[in-house]
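These notes concern the structure reproduced below.
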Amino acid sequence: MSLTVAPPYPYHGPEELENLILGALRKVVDPEVALNIVDVGLVYGVFVSAERLHAQITMTSVACPVTDVILEDVCTALESVVPESLAIDVELVWEPPWSPGRMSDKAKAFMGW
């Protein structure tokens, strides 16, 4: 029996994929802050239907120089845990704007906040 941990972002989809997706996203690191994108608060939502996984991701700023790297890493991480039949769509969103309040307590402690 596996323990389900609710992700800190909206998730809609099959329960059996929820922890797999959360674990995959926790492996994606924002190289500028050396923390995973879940703890930084960059994941705004994950929505899974029978045909597709749609992830909404933001960056800490519009000028983030590693946006392409993070988005590619998100796709790779998700591809490693979901069925091949699911199309993966990663959407870069800017609303609402990211703020440090989105960070986990662990991330805030790491940053010294």
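Please go through segment 7-59 and give me each residue that is within 13 Å of the chain's Cα centre (by Cα) and over 19 Å from Ser80 (Cα atoms), ordered by number. Steps first, answer last, please.
The first filter runs over segment 7-59 and keeps only residues within 13 Å of the chain's Cα centre (by Cα), leaving 7-11, 18-30, 35-47, 53-59.
Across segment 7-59, the qualifying residues are Pro8, Tyr9, Pro10, Leu35, Asp39, Val40, Gly41, Leu42, Tyr44, Thr58, Met59.
Within segment 66-113, the set of residues being in contact with a Gly (Cβ under 7 Å, 6 or more places away or on another chain) and without any contact (Cβ under 8 Å) to a residue 60 or more places away in the chain comprises just one member, Trp98. Considering only residues in segment 54-94 that are aliphatic (A, V, I, L, M) and part of a helix (DSSP H, G or I), the one that is surrounded by the fewest Cβ atoms within 10 Å (Cβ to Cβ) turns out to be Val69.
So, Asp68, is that one under 15 Å from Val40 (Cβ atoms), out of contact with any helix residue (DSSP H, G or I) (no Cβ under 7 Å at 6 or more places or on another chain) and not aliphatic (A, V, I, L, M) or not? Let's see the steps before the verdict.
Working: under 15 Å from Val40 (Cβ atoms): no; out of contact with any helix residue (DSSP H, G or I) (no Cβ under 7 Å at 6 or more places or on another chain): yes; not aliphatic (A, V, I, L, M): yes.
Here the answer is no, as Asp68 does not meet what is asked.
When you check Val40 against the structure, is it buried (at least 20 other Cβ atoms within 10 Å of the Cβ) and touching a His at 6+ places or on another chain (Cβ under 9 Å), yes or no? Explain how you work it out, then say what you get.
Numbers: buried (at least 20 other Cβ atoms within 10 Å of the Cβ): yes; touching a His at 6+ places or on another chain (Cβ under 9 Å): no.
Considered against the rule, which asks whether it is buried (at least 20 other Cβ atoms within 10 Å of the Cβ) and touching a His at 6+ places or on another chain (Cβ under 9 Å), Val40 comes out as no.
All conditions in (1) in contact with a helix residue (DSSP H, G or I) (Cβ under 7 Å, 6 or more places away or on another chain); (2) at pLDDT below 95 hold for Val48, with the sole exception of (2). Is segment 87-105 home to any residue that is in contact with an Asp or Glu (Cβ under 8 Å, 6 or more places away or on another chain), of a type outside the set (A, V, I, L, M) and under 18 Å from Val28 (Cα atoms)? Checked segment 87-105: at least one residue is in contact with an Asp or Glu (Cβ under 8 Å, 6 or more places away or on another chain), of a type outside the set (A, V, I, L, M) and under 18 Å from Val28 (Cα atoms).
Kindly evaluate Ala109 against the criterion of being small (Gly, Ala, Ser), crowded, with 16+ Cβ neighbours inside 10 Å and not in a strand (DSSP E or B).
no
Taking segment 1-32 as the range and being β-branched (Val, Ile, Thr) and surrounded by fewer than 16 Cβ atoms within 10 Å (Cβ to Cβ) as the test, the residues that pass are Thr4, Val5.
The values are calculated or read from the model by the stated rules, or taken from the named source; none is laboratory data. Keep in mind the model is a prediction, meaning the values are calculated, not measured. Here the Cβ is made from the backbone with ideal geometry for all residues, glycine too, and neighbour counts use every protein chain on show.
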